[in-house]
Every structure is written in structure tokens, then in C-alpha cells.
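Here's the structure we're looking at; comments come further down.
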Amino acid sequence: MDLFSSIQQRVPFFVFRKFIQLHGMPSGQGYTGIFTAIESLTDQVLKARYVDLLLSMYTDHLNFGEKQLSLFRLENDQHAALLEILPGLTPEEGVASTEFPFYLDEADLLASSSEPTLVSVEGDDDGYTLTYSSKRFFTERVDVELEELDEEFQDRYKDFEEILAIRKRYRQFFDVVRVPRSRSEIEVRIDSPGHMRKKDVEIAEEKIEQVLQSLLGYALRGGVATLTSVNFFPLIDKLSKSTEGRICELGFITDGGGVKSSKMRRYEDDLRNEAYHKEGSKAAIITPYKIGVRWQLARSAEVVSNPELFIAGSARQLNGANAPVVKTATIAKCIDADDFNFVYKIVDQYLNSVN
């Protein structure tokens with residue numbers, strides 16, 4: 001696939017539109033309208049600049065967009081051994097590596113492997129980034145932007161606040177493994193576009209963990225690798241009591257045994273300030289098990305980005321014999337690496353405050 005087709009398959013329109021506005025690019029109706037407007041530019045220098053910006057945004061999104069974050073701690077000697085072998089890793093031969101960073105066409109996708117295939121190894125001053133491609137058959141709930149629809153449907157659904165579609169299909173995914181030099185851990189970003197089923201994400205996580213175990217086994221020359229998952233669950237209560245961002249979703253139990261879930265639809269609203277929730281919190285002790293936090297980051301005078309963090313435990317975990325554990329946190333709706341790193345630093349800050 002080419003750049004435009006890959007962007008359309010990869011980047012949520014909500015995020016794409018923000019990027020277009022941020023860089024003052026020509027607008028249009030939906031992806032096709034914007035791509036057509038850029039292709040129609042007669043100023044070839046300006047057109048080339050816009051294409052370069054789109055490529056940068058797209059590669060950022062492969063690395064940071066719509067990801068389920070997992071963190072694994074390593075023993076120092078294992079971390080050192082892993083860093084030693086990474087310069088010698090090379091992408092696997094095949095069409096997935098040849099076409100990277102773009103998506104495979106349908107025929108090549110159907111013929112590709114469902115197992116993670118290493119398609120990119122990038123080193124920098126602070127470590128290495130490994131990208132794995134895989135084919136997955138999955139069910140997703142997709143947010144449909146009103147302006148993507150034909151005019152007839154736009155008029156019919158203009159009063160709807162949210163439109164969702166259910167889609168089942170094979171799709172190519174790009175999972176990212178980051179091994180920093182500065183600390184003994186591995187950062188895993190599982191591709192998680194749209195509203196994927198928890199089971200589909202868990203299967204992808206298991207496969208990448210197997211890849212990590214194989215890498216560590218090779219680095220340790222057959223020695224036993226120790227991967228310790230970081231638990232995100234303690235962050236739920238910490239974030240709910242903080243002033244970070246705006247809480248857009250909260251699942252909690254009350255001291256009276258009630259199981260509640262609240263959502264804030266508008267981006268500027270914060271559940272902490274919602275009258276019903278504030279009064280209820282005064283009348284009962286609440287213990288959260290799930291949280292969504294949304295930020296409003298001023299990226300320019302006109303453009304505000306809205307990166308989101310979701311940490312989803314379950315009410316059952318609060319009543320279990322063992323301490324609750326959540327191994328993943330979702331970071332979504334990032335325009336670029338800056339949005340992702342903003343959220344990641346907050347996650348890291350609160351992890352260090354509870355561990």
C-alpha cells in the first residue's frame with residue numbers, strides 16, 4: 001500500500017484531522033477529500049513538505065498510536081546481555097519487511113504469518129526499538145466520524161453524539177518493543193486500534209512475551225530469563241485522587257456493595273467536578289477499579305490534542321484473595337510521539353510513587 005492508503009487504514013480520523021489542522025494543510029471531506037486536496041497542489045515544494053509531514057506522523061503513529069502498554073522489569077545482568085545482542089538483530093526476509101512501514105495489500109496479508117515477524121530494528125542513543133508485524137483476525141468496534149459518511153447519512157445521523165460499527169476481518173498489526181539503555185526494563189506497545197476485544201489483545205501480548213523470552217534465552221545463552229510484569233492497578237486510585245487531566249470514565253464499587261460505572265462524554269468535562277458524582281462520593285466510600293483520563297494539550301493557538309489513558313481492572317478483583325493486578329494500560333488518541341510521551345511520563349511518575 002502507499003502512504004495515503006496506509007494512513008487511512010491506520011490513523012483514526014479524529015487524530016488525523018487534528019494533525020492536518022496543526023500543520024495548516026488543505027482540508028476536505030474525510031480522508032479522501034484531504035488526500036485529494038494535497039495531491040491537487042500545484043506548488044510541488046509545498047506538496048513535498050506536506051507529504052514528508054504525513055510520513056513522519058504515520059511512522060510516529062506506528063510507534064505510539066493506539067497502543068496497549070506493558071512494562072517488564074529485568075535483572076541488570078539480563079538487561080546488559082539483551083542490549084549486547086540487539087545490534088546484531090536484522091529484520092526477517094519477506095514481503096512484510098520489504099513493504100514496511102506501509103501496510104500489505106490484501107493478497108499479501110492473507111498469505112502472511114499470524115506469528116510476530118520482525119520487520120524493523122532501530123537504534124538510538126538511549127536504546128533499541130523493535131517492530132513486529134503480524135496478521136490477526138479480530139472483531140472491533142469502530143468509531144465512525146459523521147463527515148466520513150455520505151451527505152444523505154450525515155443529515156440522517158446529525159443529532160447522534162457517537163456512531164459505532166462492528167467489523168470482523170484480518171488486519172495487519174505492528175507491535176513495538178522498546179529496550180532502553182537507561183533502565184533495566186522492556187517496554188511493549190501492543191497495537192490496539194479501535195475498540196478491540198480484551199481476548200484479542202491478550203493473545204497478542206502472549207505472543208510478544210514468547211518472542212521476548214526467546215530473545216532473552218538467546219542473550220543468556222540458554223539461561224533462565226526473569227521477566228517481571230509491572231502492575232498498573234495501583235495507579236487507578238492514585239489518578240482518581242489526583243488533579244491529572246480530566247476523568248472521562250470511572251468504574252468503582254461503593255461501601256454499600258454497589259458496582260458503578262460513569263462516563264463523561266464532552267472532552268472538557270471532568271467526573272471529579274460532576275455534581276452527582278461529588279455528592280455521591282461524600283455519602284459513600286468508593287473504591288475505583290477502572291479509570292480513563294483525558295488531557296487537553298494546547299499544540300497551537302487553534303489545535304488542542306486529547307490523548308487518553310485507560311487502565312481497566314474489574315470489580316471482581318477488589319473482592320479476590322490476591323492483590324489486584326492489571327498488566328496493561330491503553331494510551332490512545334495521540335497525534336504524535338509528543339502526546340504519547342506526555343502520558344507515558346505521567347504513568348512513570350505514578351508508578352514510581354507506588355512501587
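Pick from the stretch 303-315 the residues that are small (Gly, Ala, Ser) and in a strand (DSSP E or B): which of them is farthest from Gln21 (Cα to Cα)? Working first, answer last.
So the first thing to find is which residues in the stretch 303-315 are small (Gly, Ala, Ser), and the list is 305, 312-315.
Then keep just the ones that are in a strand (DSSP E or B); that gives 305, 312.
On the way: Ser305: 11, Ala312: 32 Å.
Once the filter is applied, the top-ranked residue is Ala312.
Would you be able to say whether some residue in the stretch 246-257 is of a type in the set (Gly, Ala, Ser) and either buried (at least 18 other Cβ atoms within 10 Å of the Cβ) or within 24 Å of Asp339 (Cβ to Cβ) (or both)?
Pass one, the stretch 246-257, residues of a type in the set (Gly, Ala, Ser): 251, 256-257.
Next cut, either buried (at least 18 other Cβ atoms within 10 Å of the Cβ) or within 24 Å of Asp339 (Cβ to Cβ) (or both) only: 251.
Within the stretch 246-257, one or more residues are of a type in the set (Gly, Ala, Ser) and either buried (at least 18 other Cβ atoms within 10 Å of the Cβ) or within 24 Å of Asp339 (Cβ to Cβ) (or both).
Taking the residues in the stretch 316-329 that are touching a helix residue (DSSP H, G or I) at 6+ places or on another chain (Cβ under 9 Å) and part of a loop (DSSP other than H, G, I, E, B) as candidates, determine which candidate is surrounded by the most Cβ atoms within 10 Å (Cβ to Cβ).
Filtering the stretch 316-329 for residues that are touching a helix residue (DSSP H, G or I) at 6+ places or on another chain (Cβ under 9 Å) and part of a loop (DSSP other than H, G, I, E, B), the one surrounded by the most Cβ atoms within 10 Å (Cβ to Cβ) comes out as Thr328.
Could you please let me know if Ser6 is under 30 Å from Arg183 (Cβ atoms) and either surrounded by 21 or more Cβ atoms within 10 Å (Cβ to Cβ) or touching a residue at least 60 places away in the same chain (Cβ under 8 Å) (or both)?
no
Restricting to the stretch 168-224, what's the tally of residues that are over 19 Å from Val121 (Cα atoms) and within 18 Å of the chain's Cα centre (by Cα)?
16
Being at pLDDT below 95 and among the charged types (D, E, K, R) is the filter here, so list the residues in the stretch 159-180 that pass it.
Result: Asp159, Glu161, Glu162, Arg167, Lys168, Arg169, Arg171.
Assuming Leu239 fulfils every condition listed in (1) at pLDDT 90 or above; (2) more than 28 Å from Arg73 (Cβ to Cβ); (3) of a type in the set (A, V, I, L, M) apart from one, which condition is it?
Of the numbered conditions (1) at pLDDT 90 or above; (2) more than 28 Å from Arg73 (Cβ to Cβ); (3) of a type in the set (A, V, I, L, M), the odd one out for Leu239 is (2).
Got a sec? Which of Arg136, Arg156 is basic (Lys, Arg), surrounded by 15 or more Cβ atoms within 10 Å (Cβ to Cβ) and modelled with pLDDT of 65 or more? Let's see the steps before the verdict.
Working: Arg156 fails: surrounded by 15 or more Cβ atoms within 10 Å (Cβ to Cβ).
None of the others qualify; the one that does is Arg136.
Would a scan of the stretch 215-234 turn up a residue that is on the phi > 0 side of the Ramachandran plot and exposed (fewer than 13 other Cβ atoms within 10 Å of the Cβ)?
First pass over the stretch 215-234, keeping only residues on the phi > 0 side of the Ramachandran plot: 221-222.
Still in the running and exposed (fewer than 13 other Cβ atoms within 10 Å of the Cβ): 221-222.
Taking every residue of the stretch 215-234 in turn, at least one turns out to be on the phi > 0 side of the Ramachandran plot and exposed (fewer than 13 other Cβ atoms within 10 Å of the Cβ).
Considering only residues that are free of Cβ contacts under 8 Å to residues at least 40 places away in the same chain, in a helix (DSSP H, G or I) and surrounded by 15 or more Cβ atoms within 10 Å (Cβ to Cβ), which ones fall in the stretch 30-56?
Scanning the stretch 30-56 gives Ile34, Phe35, Ala37, Ile38, Lys47, Tyr50, Leu53.
The values are calculated or read from the model by the stated rules, or taken from the named source; none is laboratory data. As the structure is a computational prediction, the values presented were derived from the model and not from experiment. In this analysis, Cβ positions are derived from the backbone assuming ideal geometry, glycine residues included, and neighbour counts consider all displayed protein chains.
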